[in-house]
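Report on one structure; see the data block that follows.
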Number of protein chains: 2
Amino acid sequence: MGPGPIDAYPSVLRALSAPLTGQYDPFMTATMTETQVLYRQVWGTENEATVIVDGTSRAGIEAAMVSLIRPGDRVLVPVFGRFGHLLAEIAERAMAEVHTIHAEWGQVFPVSVVEEAIARVRPTLVAMVQGDTSTTMLQPLDEIGEVCRRYGALFYSDATASLAGNPFEADAWGLDAATAGLQKCLGGPSGAAPLTLSPRAVEVVTARKRVEAGIREEGDPQAPDFVRSNYFDLGMILDYWGPRRLNHHTEAASMLYAARECARLVLVEGREAVIARHVRAGEAMLAGVRALGLTTFGDLSHKMTNIVAVYIPEGVPGDAARAAMLEDFGIEIGTSFGPLHGKVWRIGTMGYNAREDAVMVTLAALEAVLRRFGHTAFTAGGGVDAAADIYRGA
Amino acid sequence: MGPGPIDAYPSVLRALSAPLTGQYDPFMTATMTETQVLYRQVWGTENEATVIVDGTSRAGIEAAMVSLIRPGDRVLVPVFGRFGHLLAEIAERAMAEVHTIHAEWGQVFPVSVVEEAIARVRPTLVAMVQGDTSTTMLQPLDEIGEVCRRYGALFYSDATASLAGNPFEADAWGLDAATAGLQKCLGGPSGAAPLTLSPRAVEVVTARKRVEAGIREEGDPQAPDFVRSNYFDLGMILDYWGPRRLNHHTEAASMLYAARECARLVLVEGREAVIARHVRAGEAMLAGVRALGLTTFGDLSHKMTNIVAVYIPEGVPGDAARAAMLEDFGIEIGTSFGPLHGKVWRIGTMGYNAREDAVMVTLAALEAVLRRFGHTAFTAGGGVDAAADIYRGA
């Protein structure tokens with residue numbers, strides 16, 4: 001019940017153990033194509049260029065950024081938590097001229113502030129996370145794509161922490177690139193990174209295309225400003241997923257099966273229904289921790305559905321309490337990074353764990369642990385009662 | 001039964017579906033540590049810096065190369081097949097000054113030729129694959145490490161195609177870096193890349209260390225010539241696997257379980273015994289294809305144990321025959337790349353597939369398919385008989 005990774009859906013665990021096949025076996029290529037179809041729906045996009053990057057969520061981030069950023073490009077990164085710093089860091093390693101703006105931790109950016117920075121910096125790429133687990137905040141993205149387009153910037157967002165538990169509309173919001181991981185609301189293991197690119201973004205990566213030595217054929221393009229990574233060159237990755245099926249990496253079949261099952265579960269339950277389930281679990285957890293006398297962190301009106309941060313009560317040893325949760329109850333909760341390290345606990349309700357029983361058990365355990373460490377400023381059973389009220393619609 | 005990926009060991013498939021835990025759960029960190037211990041034995045090394053990179057085998061290659069190569073460094077790549085080209089390609093993307101020497105496909109390099117090139121180029125890094133599935137050749141590495149050391153070069157080899165099915169002795173052979181994947185003789189899925197670094201190599205990556213923004217603390221080193229990738233920065237990856245457990249990517253738990261089980265199986269059966277099993281299966285397959293009147297490709301005295309290439313007989317449509325193998329018998333065999341594309345078939349006997357029954361069934365199917373397409377220059381049943389003779393020690 002931490003900020004992720006989380007327990008996977010049982011059927012995702014089963015999908016992982018399906019037999020392997022060769023990467024050009026018709027079953028395998030059909031599975032890849034089917035996975036693309038499913039993720040287009042998850043992302044809310046018609047982008048042909050919708051694929052899985054074989055690596056953890058930050059592999060998807062790096063693939064998007066190194067493929068879209070030419071050395072010296074101006075990149076704007078609005079930072080409102082740890083993962084904004086990560087985007088800036090990766091842009092810097094990609095040799096961009098990186099400009100950052102900062103929101104106080106626990107807040108998000110008004111669109112006007114982002115627009116002002118875009119007008120000033122004139123970036124080729126605006127990169128920001130949608131949900132930053134370090135602060136629990138969810139940045140509204142729906143108006144930023146239009147601003148980016150007006151100023152000729154590409155718009156990229158990482159939705160690892162938020163996708164499937166909060167609305168995301170790649171096409172309607174004007175995203176040119178979006179990335180995620182499986183290990184949060186999608187309810188799968190870390191190790192596969194869904195990624196989608198708009199036709200505008202595809203143009204950029206295609207213009208930088210270079211077919212690798214060893215499989216190059218006459219007439220294949222060899223752009224001079226090729227991507228400075230082979231593994232993350234989206235031009236090659238698109239050729240691998242596309243009709244040419246040009247050999248690149250050996251597809252990680254087990255992780256592909258998991259990624260496909262994660263998307264299938266979202267679409268069978270329904271994209272809206274899954275979000276509603278996350279909303280309900282998040283509201284129940286929020287009501288529960290408040291009823292246990294805990295103070296929440298950050299602007300609740302912009303909180304992700306799937307995680308809440310609470311200040312560690314005065315006098316309670318944060319790490320010892322987390323250890324008691326884990327060792328005595330088998331429940332993991334997290335602390336955070338940077339300015340919040342050791343000051344807050346973060347409790348997630350995501351993917352398979354966005355369930356009433358998971359919320360109730362966590363609150364019961366938390367009450368016991370708080371009491372043990374001397375925090376008793378609450379009504380006995382108040383946490384679970386408040387959560388149950390949410391589930392009963394009281 | 002192609003050049004890989006191959007069928008995984010059943011227990012590896014089961015390991016993939018084990019429940020997930022948080023990445024700092026004591027179970028998870030213990031699993032990481034245990035995996036390191038196991039892979040030290042698989043690699044034949046005492047290198048502390050023995051880890052898994054979260055991505056396919058080429059992710060391991062790129063991590064090793066971008067972390068060891070500073071822009072402008074001279075890198076020597078002896079190329080004897082497609083994957084030599086890949087190493088040169090990745091070195092070029094890492095902005096090295098790349099020098100290649102070439103062996104004819106189907107041959108390997110005498111150590112004197114490599115030494116001559118090292119003396120001429122004076123590289124900081126010599127990079128070569130041990131086994132190149134595109135040609136089936138196994139490059140002897142045992143004397144090259146000493147030469148590299150004499151000339152002050154680091155010595156790196158990718159053993160994706162060969163590890164566990166052919167001898168590999170990281171320490172005894174003087175390797176400074178070695179990488180692999182699970183999807184060949186280790187009998188697992190693609191998606192995790194075992195990697196080991198010598199203390200000399202660790203010095204290089206440590207000198208380039210930069211702790212990422214967002215989790216940086218006062219006093220953390222910030223080298224100016226930092227690695228131009230975040231995901232593949234081995235300095236950070238070593239901090240993540242080391243005692244500091246500094247947050248980097250979210251460990252791909254399912255793939256870690258698979259990697260651990262692959263290594264465990266090798267060590268339970270015994271490193272020598274696993275190689276002997278590959279030798280036996282390879283000899284049986286070789287005897288079988290010869291008895292079916294097929295001509296082998298390349299220098300057999302330097303063939304990997306786990307794969308054989310045969311010329312497609314005159315008049316036999318190679319792709320149609322492969323399709324018949326797959327569609328009618330459920331058995332995949334491969335063709336190759338570049339100059340060998342459409343000219344040879346490659347038949348693997350690796351990992352779980354290095355079994356007598358797998359060899360026998362493949363040869364029986366191949367005989368039927370060859371006959372169907374008009375190649376009949378063999379004694380009926382000759383392929384399976386020849387293979388059975390090897391297994392019976394006749």
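The values are calculated or read from the model by the stated rules, or taken from the named source; none is laboratory data. Owing to the predicted nature of the structure, the values given are computational and were not obtained by experimental measurement. No Cβ is skipped: glycine too gets one built from the backbone with ideal geometry, and neighbour counts run over all protein chains shown. Just so you know, the surface numbers come from the protein's heavy atoms only, side chains and all, with ligands and any DNA or RNA stripped out. Shrake-Rupley method; radii C 1.70, N 1.55, O 1.52, S 1.80 Å.
Couple of notes before you dig in:
- Condition check for residue A:371: more than 25 Å from residue A:168 (Cβ to Cβ), without any contact (Cβ under 8 Å) to a residue 60 or more places away in the chain and among the basic types (Lys, Arg): yes
- Failed condition for residue A:154, given (1) touching an Asp or Glu at 6+ places or on another chain (Cβ under 8 Å); (2) within 19 Å of residue B:250 (Cβ to Cβ); (3) away from chain B (no Cβ under 14 Å); (4) not polar (S, T, N, Q): (2)
A quick yes/no check of all residues on (1) of a type in the set (Lys, Arg); (2) surrounded by fewer than 19 Cβ atoms within 10 Å (Cβ to Cβ); (3) touching a residue at least 12 places away in the same chain (Cβ under 8 Å); (4) in contact with a helix residue (DSSP H, G or I) (Cβ under 6 Å, 6 or more places away or on another chain):
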{"position": "B:332", "(1), (2), (3), (4)": "no, no, yes, yes"}
{"position": "B:343", "(1), (2), (3), (4)": "yes, yes, yes, no"}
{"position": "B:375", "(1), (2), (3), (4)": "no, no, yes, no"}
{"position": "B:387", "(1), (2), (3), (4)": "no, no, yes, yes"}
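- When we screen A:371, A:355 for residues that are farther than 19 Å from residue A:306 by Cβ, open to solvent by 40 Å² or more (accessible area, probe 1.4 Å) and at pLDDT 95 or above, the only hit is A:371.
- Count of residues meeting criterion [in a loop (DSSP other than H, G, I, E, B), touching a strand residue (DSSP E or B) at 6+ places or on another chain (Cβ under 9 Å), more than 14 Å from chain B (Cβ to nearest Cβ) and not hydroxyl-bearing (Ser, Thr, Tyr)] in segment A:313-353: 1
- Residue check: residue A:243 meets all listed conditions (1) over 22 Å from the mean Cα position of the chain (by Cα); (2) assigned to a helix (DSSP H, G or I); (3) more than 14 Å from chain B (Cβ to nearest Cβ) but one, namely (2).
- Verdict on residue A:116 being without any contact (Cβ under 8 Å) to a residue 60 or more places away in the chain, of a type outside the set (Ser, Thr, Tyr) and either open to solvent by 50 Å² or more (accessible area, probe 1.4 Å) or not in a helix (DSSP H, G or I) (or both): yes
- Residue that is in the same structural domain as residue A:176 (by TED's automatic domain parsing) and buried (at least 23 other Cβ atoms within 10 Å of the Cβ), where the choices are A:223, A:284, A:207, A:258: A:258
- Annotation note: of B:163, B:182, the sole residue that is at pLDDT 95 or above, open to solvent by less than 10 Å² (accessible area, probe 1.4 Å) and within 14 Å of another protein chain (Cβ to nearest Cβ) is B:182.
- Residues that are under 21 Å from the mean Cα position of the chain (by Cα) and open to solvent by 10 Å² or more (accessible area, probe 1.4 Å) occur at least once in segment A:120-138.
- Helices (runs of 4 or more DSSP H) completely within segment A:16-108 that count 1 or more residues being within 14 Å of chain B (Cβ to nearest Cβ), in contact with a Ser or Thr (Cβ under 8 Å, 6 or more places away or on another chain) and buried (at least 24 other Cβ atoms within 10 Å of the Cβ): A:57-68, A:82-93
- Cross-chain or 6+ apart pairs with Cβ under 6 Å, segment A:244-255 first and over 19 Å from residue A:16 (Cβ atoms), then open to solvent by 20 Å² or more (accessible area, probe 1.4 Å) and of a type outside the set (Asp, Glu): A:247/A:215
- Single condition residue A:309 does not satisfy, out of (1) touching a helix residue (DSSP H, G or I) at 6+ places or on another chain (Cβ under 8 Å); (2) small (Gly, Ala, Ser); (3) surrounded by fewer than 21 Cβ atoms within 10 Å (Cβ to Cβ): (3)
- Under the condition of being within 12 Å of chain B (Cβ to nearest Cβ) and in a loop (DSSP other than H, G, I, E, B), the residues counted in segment A:196-222 number 8.
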